[in-house]
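Here's the structure, in structure tokens; my notes come after.
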Amino acid sequence: MVNVNPNPSLSPSPDARPGRRLLLPVLLTVQFLVSLDMSVVNIALPDMGDDLGFAPDALLWVVNAYALAFGGLLMLGGRLADLVGRRHILTWGFAVFGAASLAGGLALAPGQLIAARAVQGAGAAALAPVALALITVHYAPGPARSRALGLWGVSGALGGAVGIMAGGLLTDWVGWRSVMLINVPVVLAALLAARRGIPADRRTGPAPRPDITGALLVTAGTTLLVLGLVRTETYGWGSGTTLGTLGGAAVLLAAFVAVEARKREPLLRLGLLGTAHRPVLSANVFALLMSSGQFAAFYFTSLHLQQVMGYGPTAAGAAFLPFCAGIVVGSAVATRTVGRLGERTLLVAGGLLGAAGFGWFALTVEAGSTFLGTILGPSLVASVGIGLCFVPLGTSATTGVTPEETGMASGLLNSSRQLGGSLGLAVLVTVAASATGQGRGKGALAEGYAAAFAVSTGLLVAAALATAALHGRRTPSAATATETATATATATETATAPPRPAKTPAGEESSKNFGDDVETGVSRSTQG
């Protein structure tokens, strides 16, 4: 049976205008927290193990439990936002995330901490897709949306980098429990702001039926896939455990595709990845490949700083500050140029520049590395390239997507990023181990890290080439025309909503606050 779009169902309620300036801060907090908690516990792991009495093999599950729940539930979290309401899912996600953070900070046994981390990952899986969906729905195409997407990308990158630094500082000064408990006041503040700043959803049509079968299949399949990948360091790629886990994941995901192809109201409309939505397909392929290289590069940079260059946890975190600065610069450039250059050009340029930075790492990583010679230059080049990608990536991933499917598209992009990170790390750990061999000295370790950086370079080059081949050759003016036509159709379909205020003229930079660009009633357009 051919897929059809669900009836228009959710639109922003007009009661949100008094708190509209809080919308973007809340969404940036979401992205920051989700990224922060994927990295903040890494440096605290030894102290967690010593205090709670973890077995050596069990300690890694503090990280893996979060990754499994997050990666497995992203698609479901995104679609629930479309069906139940974006504000409902966001507030519930915050509540679950905050409660799990509190439970983890108070844990008295290994099992309690691992369970808390799994629940924390489930909360993050509800939060992450909603943030991008709300930006896409509530910010008009052009300068307003580009600025919001740029800050969204920066907040995610800063969350990952700050997590490394904060993990070291908090563990050294306060203790490992603080890396969990620090989330609680942030979540409480965000919850209060969300109730005032996130528009309530108003249903204007029949509610789509939830795709229970698809949800079960994709959740089980992606969870098994992430599980198989994160355990390759323990069991190896050729073991029966790994092959059986990955094989089971492949069967479940194939069944998911078969079910979705026949559903009238699917969890994932397969047409989003068809030729009619080439930018969406291109964005997800790019996100998968870029994340595979980027996440692993972060991991090996941290190891090189501590195991080869002898940095302590706090100093290693501080060494990531140039990367944060480069991300901000790249995102600012993309925000100003995406309307003129287009998403395709920026993604290709950003991917190649990021690859150049990782290639520089691969050539200079050695036992006698210095910060100026090995870290500073490559970090700036790679981070500017990656920063260039966030705005066009978020725009491409939601191009031509109707408002009632924004959660679906956002969940798909976040799943691509998460699976890419897990896959890249699993593969590159194997590459590094093979290059290192039996050696444990600084020279052998550096040789393994250099090999991993070389593969990261290839992954970003592949991402750039895939985008050049897959992304439609639309000019910025053509893209704007498409957005205008789609917005007109959407306004016609939702004629019961209040009239839209006049748009800012195309290409005109607005001096208003971000909140002033937020549309109440019907969003100013659909996706870019």
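The values are calculated or read from the model by the stated rules, or taken from the named source; none is laboratory data. Quantities reported herein were computed from a predicted structural model and do not represent experimental measurements. Positions of Cβ are generated from backbone atoms using ideal geometry, with glycine treated the same way; all protein chains shown enter the neighbour counts. Keep in mind that these areas ignore ligands, DNA and RNA; they rest on the heavy atoms of the full protein, side chains included. Shrake-Rupley method; radii C 1.70, N 1.55, O 1.52, S 1.80 Å.
A few comments on the model shown:
- Peptide ranges 234-240, 313-319 listed from the most packed, as the mean C-beta count within 10 angstrom indicates: 313-319, 234-240
- Neighbour net charge for Leu90 - beta-carbon separation under 12 angstrom, K R +1, D E -1: +2
- Stretch gain in nm, segment Leu376-Arg195, where the contour uses 0.36 nm per residue and the Cα spacing is subtracted: 61.0 nm
- Solvent exposure ordering (accessible area, 1.4 Å, most first) of Tyr299, Tyr66: Tyr299, Tyr66
- Size descriptor for the range 380-433, Kirkwood hydrodynamic radius: 13.1 Å (Cα pairs only, one decimal).
- Comparing the range 172-306 with the 2.2 N^0.38 Å rule of thumb, its C-alpha radius of gyration ratio is 1.45 (two decimals).
- A cut-off under 11 angstrom between Cβ atoms defines the neighbours of Met75, and their net charge, with Lys, Arg +1 and Asp, Glu -1, is -1.
- Largest-first principal axis extents, alpha carbons of the range 123-223, Å: 54, 39, 24
- Distance between the range 100-126 and the range 308-386 - C-alpha centres, whole angstrom: 32 Å
- One decimal place: the segment Leu363-Asp172 gains 65.5 nm when fully extended, by the rule 0.36 nm per residue minus the C-alpha distance.
- Normalised by the number of residues in the range 295-453, the average gap of Cα pairs under 8 Å and 6 or more apart makes the relative contact order 33 percent.
- Rounded to whole Å, sorted largest first: equivalent-ellipsoid semi-axes of the range 340-474, Cα gyration tensor: 33, 17, 11
- Burial ranking of peptide ranges 98-106, 458-466, 271-279 (average Cβ count within 10 Å, highest at the top): 458-466, 98-106, 271-279
- Relative packing of 365-376, 399-410, which averages over residues the other C-beta atoms within 10 Å, highest first: 399-410, 365-376
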